[in-house]
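In what follows, a single structure is set out as structure tokens and then discussed.
The values are calculated or read from the model by the stated rules, or taken from the named source; none is laboratory data. Not measured: the values here are computed from a predicted model. FYI the Cβ positions are ideal-geometry reconstructions off the backbone, even for glycines, and counts take in every protein chain you see. SASA here: full protein model, heavy atoms, side chains in, ligands and nucleic acids out. Shrake-Rupley method; radii C 1.70, N 1.55, O 1.52, S 1.80 Å.
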Amino acid sequence: MIKFEMPELKIGDLIAKIPIIQGGMGVGISLAGLASAVANEGAIGVISSVGIGMVKKRKTADDKNANLEGLREEIQLTRSKTKGIIGLNVMVALTDFLELVQIGFEEQVDIIFMGAGLPISFPQEMVDKYFFNSKTKLGVIVSSERATNLILKTWEKKFNRLPDIVVVEGPKAGGHLGFKKEQIFDNDYSLEVILPKVIEEVKSFEERLNIKIPVIAGGGVYTGEDIYNIMKLGASGVQMGTRFVATEECDATDEFKQHYVDCQEDDIVIIQSPVGLPGRALNNDFLKGVKAGVKTPFKCPWKCLKTCDYTKSPYCIAIALTNARWGLLSHGFAFCGSNAYRVDKIVTVKQLIEELKEGFYKAVQNYGDLAVPATN
Ligand SMILES: Cc1cc2nc3c(=O)[nH]c(=O)nc-3n(C[C@H](O)[C@H](O)[C@H](O)COP(=O)(O)O)c2cc1C
């Protein structure tokens, strides 16, 4: 039998053997354990920067320095565990967004992915120091061709440089979603519909400027065949979150992972998050209480999110997600993708990647090209 390999993912001079990005997952779900395991398999492992101080240092949300120090340590720890490609996910909606990005540059992560907001404002000093002379690539996460156009146009004009990679996240993803509530289940906004539009948008910049910007797609990608189908639509790779939660190496507690294994399809709900965006999560008594008007009082000495009105929010999302991460699910809740109910066991990252490769090759055999013959 001919052996095939998945196409490599090329981001400038950076090459991932497996075209899969493990999406950054806060709070404390994708840290050094998961990111290094994924990177060791030849895919791209991503550390989530959000709430890292609360998880690592067991500090409350009032300690901003714990967050910054925690992130630096986590990047160094990840590096000590892998020679593979590691990324950092930073939410634009965070008040310490720029400080976290700065740490990513200083620690020379391979890629910084910026999402949950429009990453279009950077201090000139940061642009001069890192946008051209750093080995760190820059990625943006978008959910529409409009946002893609706005970001690319702004970057070209203001920074004379474009992002190195664009990740399109569709409405089936886990965590915060870049869609209005009514768009989430509308087929006009499905990943299969928005992906070609984003690719088209990016292409217009690529052709005019004679550059290459890979477009990656995520949100609901579950099997190797899903990867094949999305790549057939023109994506250079995929971003996956939910499947990586259900791995031994994932940095969440066993209780959090078991919550995925135990859930049913109708446990997966859309919530309105204090971040100001809808989010997909696993329903539980905590969320049912929030819906019924229960308030969980909290102090907010350090406003970690630009978009959170903590005076009106019935709970602190950073505390709720941290509690869930530690397995205290009655005091918080877990984000998840729309396919979380399909998770039936916890596997190693190696087993997961093998399964995805196999599913991809089967799809190649059934439907045609895409994979390249193995060289050895
Ligand atoms: C538990 C969880 C936490 C997440 N946290 C973040 C985050 O902090 N920042 C972010 O950009 N995306 C976040 N995401 C989205 C993932 O990075 C990924 O893009 C998405 O889950 C892909 O969809 P899938 O879960 O269907 O594979 C999160 C997803 C999950 C499941």
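Give me the percent of accessible area attributable to carbon and sulfur for the chain, probe 1.4 angstrom.
On the chain, the fraction of accessible area on carbon and sulfur atoms equals 50 percent.
Can you tell which of GLU145, GLU358, GLU125 shows the greatest fluctuation in a Gaussian network model of the chain with Cα springs below 10 Å?
GLU125
Whole angstrom only: what separates the Cα centroid of the range 234-304 from the Cα centroid of the range 144-209?
24 Å
Hey, quick one: spin label on THR348, modelled 7 Å out along Cα-Cβ, who in the range 80-98 has an amide N within reach, i.e. under 19 Å?
Those under the cut-off are 81-85.
Per residue, how large is the accessible surface of the range 257-376? Use a 1.4 angstrom probe and give square angstrom.
53 Å²
In a shell of Cβ-Cβ distance under 13 Å around LYS203, excluding LYS203 itself, what net charge do Lys and Arg (+1) and Asp and Glu (-1) give? It would help to have the intermediate numbers written out before the result.
Numbers: positive: LYS197, ARG208, LYS212; negative: GLU145, GLU200, GLU201, GLU206, GLU207.
Summing Lys and Arg as +1 and Asp and Glu as -1 gives -2.
Taking a ≥ b ≥ c as the square roots of the eigenvalues of the Cα gyration tensor of the range 256-331, is the shape rounded (a/c under 1.5), prolate (a/b larger than b/c) or oblate?
prolate
Once a ≥ b ≥ c are taken as the square roots of the eigenvalues of the Cα gyration tensor of the range 199-350, is the result rounded (a/c under 1.5), prolate (a/b larger than b/c) or oblate (a/b not larger than b/c)?
It is oblate, given that a/c is not under 1.5 and a/b is not larger than b/c.
Which of LYS197/LYS303; LYS291/LYS345; LYS172/LYS197 have a Cα-Cα distance over 24 Å? All intermediate terms of the calculation are to be shown ahead of the outcome.
Working: LYS197/LYS303 36 Å; LYS291/LYS345 30 Å; LYS172/LYS197 17 Å.
Beyond 24 Å: LYS197/LYS303; LYS291/LYS345.
Could you size up the charge dipole of the chain around its Cα centre, putting +1 on the beta carbon of Lys and Arg and -1 on that of Asp and Glu, and report it in debye to the nearest 20?
740 debye
Among bridges DSSP assigns within the range 190-288, what percent are antiparallel (round to 5)? Numbers along the way, then the final one.
Values: 5 of 8 bridges.
Counting DSSP beta bridges with both partners in the range 190-288, the antiparallel share is about 60 percent.
Highest mean first, how do 164-176, 274-286 rank when packing is the count of other Cβ atoms within 10 Å averaged over residues?
164-176, 274-286
Indicate the helices, whole DSSP H runs only, in the chain that combine a mean Kyte-Doolittle hydropathy of 1.0 or more with a Cα extent along their long axis of 18 angstrom or more.
The qualifying helices: there are none.
Let me check against my output: what whole-number percent is the relative contact order of the chain, with C-alpha pairs under 8 Å and at least 6 apart?
Reported relative contact order: 20 percent.
Among the DSSP beta bridges whose two residues both lie in the chain, what percent are antiparallel, rounded to the nearest 5? Working shown, then result.
On the way: 14 of 44 bridges.
Antiparallel bridges: around 30 percent, rounded to the nearest 5.
Too long at a 25 Å Cα-Cα cut-off: which of LYS56/LYS180; LYS232/LYS362; LYS81/LYS232?
Too far apart for the 25 Å limit: LYS56/LYS180; LYS81/LYS232.
If each DSSP helix of 4+ residues adds -39,500 (n - 2.57) and the sum is divided by the residues in the chain, what number results at 222 nm, nearest 500 deg cm²/dmol? Intermediate values should be presented prior to the final figure.
Values: 12 runs with 133 residues, N = 376.
After summing the helix terms and dividing by the residues of the chain, the value is -10500 deg cm²/dmol.
Expressed as a rounded percentage, what relative contact order does the range 256-331 have, with Cα pairs under 8 Å and six or more residues apart? Kindly include the intermediate steps, with their values, before the conclusion.
On the way: 67 pairs, mean separation 24.4, N = 76.
In percent, rounded to a whole number, it is 32.
Under 18 Å between alpha carbons, and skipping anything fewer than 8 positions from LYS129 in its own chain: which aspartates and glutamates qualify?
List returned: GLU99, GLU106, GLU107, ASP110, GLU156, ASP164.
What order, most packed first, do the peptides 135-141, 6-12 have when packing is the mean number of other Cβ atoms within 10 Å of each residue?
The peptides rank, most packed first, as 135-141, 6-12.
As a quick test, which of the pairs LYS17/LYS137; LYS158/LYS306; LYS257/LYS350 have an alpha carbon distance above 21 angstrom in this structure?
Over 21 Å apart, Cα to Cα: LYS158/LYS306.
Can you work out ³J(HN,Hα) from phi for every residue in the range 123-139, in order, using Karplus 6.51 cos²θ - 1.76 cosθ + 1.60 and θ = phi - 60°, giving whole Hz and x for Gly and Pro?
Using θ = phi - 60°, the values come out as x, 4, 4, 5, 4, 4, 6, 10, 5, 10, 10, 10, 7, 6, 7, 10, x Hz.
How large is ³J(HN,Hα) for each residue in the range 6-19, as worked out from phi by the Karplus curve 6.51 cos²θ - 1.76 cosθ + 1.60 (θ = phi - 60°), to whole Hz, x for Gly and Pro?
5, x, 5, 9, 9, 10, x, 8, 8, 10, 9, 5, 10, x
From the residues LEU118, GLY70, TRP155, which one has its Cα farthest along the dipole of the range 29-155 in the positive direction, the dipole being from +1 and -1 charges on Cβ of Lys/Arg and Asp/Glu about the Cα centre?
Farthest along the dipole direction, towards plus: GLY70.
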